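What follows is a single structure, written as structure tokens, with notes after it.
The values are calculated or read from the model by the stated rules, or taken from the named source; none is laboratory data. Model, not experiment: these values are computed from the prediction. Note that each Cβ is placed from the backbone with ideal geometry, even for glycine, and that neighbours are counted across all protein chains shown. The protein model used for the area step is the full one, side chains on, heavy atoms only, and it has no ligands, DNA or RNA in it. Shrake-Rupley method; radii C 1.70, N 1.55, O 1.52, S 1.80 Å.
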Amino acid sequence: MRDLHAVVTGGGSGIGAAIARALAAEGVRLTLMGRSLERLQALGLPGAACVAADVGDEASVQRAFAEAAAGHGPVGLLVNNAGQADSAPFNRTDLALWRRMLDVNLTGTFLCTQQVLPGMVERGFGRIVNVASTASLKGYAYVAAYCAAKHGVLGLTRALALEVAKKGVTVNAVCPGYTDTDIVERAVHEITAKTGRSAEQARAELAATNPQRRLVQPDEVAQAVLWLCRRESASVNGQSIAVDGGETA
Ligand code: NAP
């Protein structure tokens, strides 16, 4: 992996930061993307380029990938990790929330992939890993838009994997269960605000969806991503690897 340029979207926090650290330890040339440049820089990964980008905005994505390629060369690994998980009952899910969830989670994955796929196919090598979710594999109440977007990410993963199967490029997804990051902290905050339950109770409720009765750690997701990025994983294509303690078993 040493000779490869890897781009990680949403690399400034949570799962993306863990993936960035794991890839950096492998010696890849790294570009981190996210809306907040300060957040990416605060990670302090030596040699990592930090590029501001809103993955849901085509012009922003085009600019960011041009900057990334100018800095570190053609992209060999892309981890589409940037995402948001806003919740609302369906009857309070307005078009703005619906579009925001589809834009960042699904269209963002499409737009970033568009930027790197032709080069990967031309060079005969590439790894694309989409950070999907257990919400790609099953439904959850009060997150219809997020679930729809993440189901879409898995559909995109499977279709594209077949399309590029003979080109040396693999496209896979990891599907984390509730993972100990800001997204879960925001969910805990919402549950406490709406139900009056304590933060500990809310966290325990989320952890209880996992048969191991705990939140997944970002590093555990990162290790699954790393494995999918390896040259030796060439036969793993179009798969969704659940990192969820058995929730979707
Ligand atoms: P997080 O810490 O909130 O990370 C999300 C990252 O995405 C942030 O660094 C954020 O940075 C970036 N981001 C958000 N909107 C963006 C946009 N429009 N353009 C570019 N970057 C954007 O939460 P996380 O849990 O690590 O989430 C990472 C991924 O894992 C997401 O795709 C999420 O859906 C998925 N996931 C999380 C869980 C969980 O329980 N935590 C479970 C399953 C799947 P900026 O705000 O600076 O842009």
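Worth a mention:
For (1) part of a loop (DSSP other than H, G, I, E, B); (2) assigned by TED's automatic domain parsing to the domain that holds Val143; (3) within 10 Å of the ligand (Cβ to nearest atom), each residue gets a yes or a no:
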{"site": "Cys50", "(1), (2), (3)": "no, yes, no"}
{"site": "Gly56", "(1), (2), (3)": "yes, yes, yes"}
{"site": "Ala59", "(1), (2), (3)": "no, yes, no"}
{"site": "Gln62", "(1), (2), (3)": "no, yes, no"}
{"site": "Ala69", "(1), (2), (3)": "no, yes, no"}
{"site": "Pro74", "(1), (2), (3)": "yes, yes, no"}
{"site": "Gly83", "(1), (2), (3)": "yes, yes, yes"}
{"site": "Asp86", "(1), (2), (3)": "yes, yes, no"}
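- Qualifying residue in the stretch 33-44 (condition: at pLDDT 95 or above, closer than 23 Å to Met120 by Cβ and either part of a helix (DSSP H, G or I) or of a type outside the set (S, T, N, Q) (or both)): yes
- Those helices (runs of 4 or more DSSP H) of the stretch 92-163 in which 1 or more residues are among the aliphatic types (A, V, I, L, M) and open to solvent by 70 Å² or more (accessible area, probe 1.4 Å) occupy 95-101, 144-163.
- Residue match in the stretch 148-159 (condition: within 13 Å of the ligand (Cβ to nearest atom), at pLDDT 95 or above, among the basic types (Lys, Arg) and farther than 21 Å from Ala20 by Cα): yes
- Any chance Pro211 is touching a Ser or Thr at 6+ places or on another chain (Cβ under 8 Å) and either at pLDDT 95 or above or open to solvent by 40 Å² or more (accessible area, probe 1.4 Å) (or both): no
- Condition met for Val79 (at pLDDT 95 or above, farther than 23 Å from Cys175 by Cβ and in contact with a strand residue (DSSP E or B) (Cβ under 9 Å, 6 or more places away or on another chain)): no
- Residues considered: Ala25, Ala49, Ala53. Of these, the only one that is surrounded by fewer than 18 Cβ atoms within 10 Å (Cβ to Cβ), modelled with pLDDT of 95 or more and either out of contact with any Cys (no Cβ under 7 Å at 6 or more places or on another chain) or more than 24 Å from Gly152 (Cα to Cα) (or both) is Ala25.
- Only one of the listed residues (Val116, Val121, Val104) is within 13 Å of the ligand (Cβ to nearest atom) and either at pLDDT below 95 or β-branched (Val, Ile, Thr) (or both). That residue is Val104.
- Residues in the stretch 224-236 that are surrounded by fewer than 19 Cβ atoms within 10 Å (Cβ to Cβ) and of a type outside the set (A, V, I, L, M): Trp227, Arg230, Arg231, Glu232, Ser233, Ser235.
- Which listed residue is part of a helix (DSSP H, G or I) and more than 30 Å from Glu26 (Cβ to Cβ), from Val188, Val184, Val221, Val225: Val188
- Filter pass, Lys166 being within 16 Å of the ligand (Cβ to nearest atom) and basic (Lys, Arg): no
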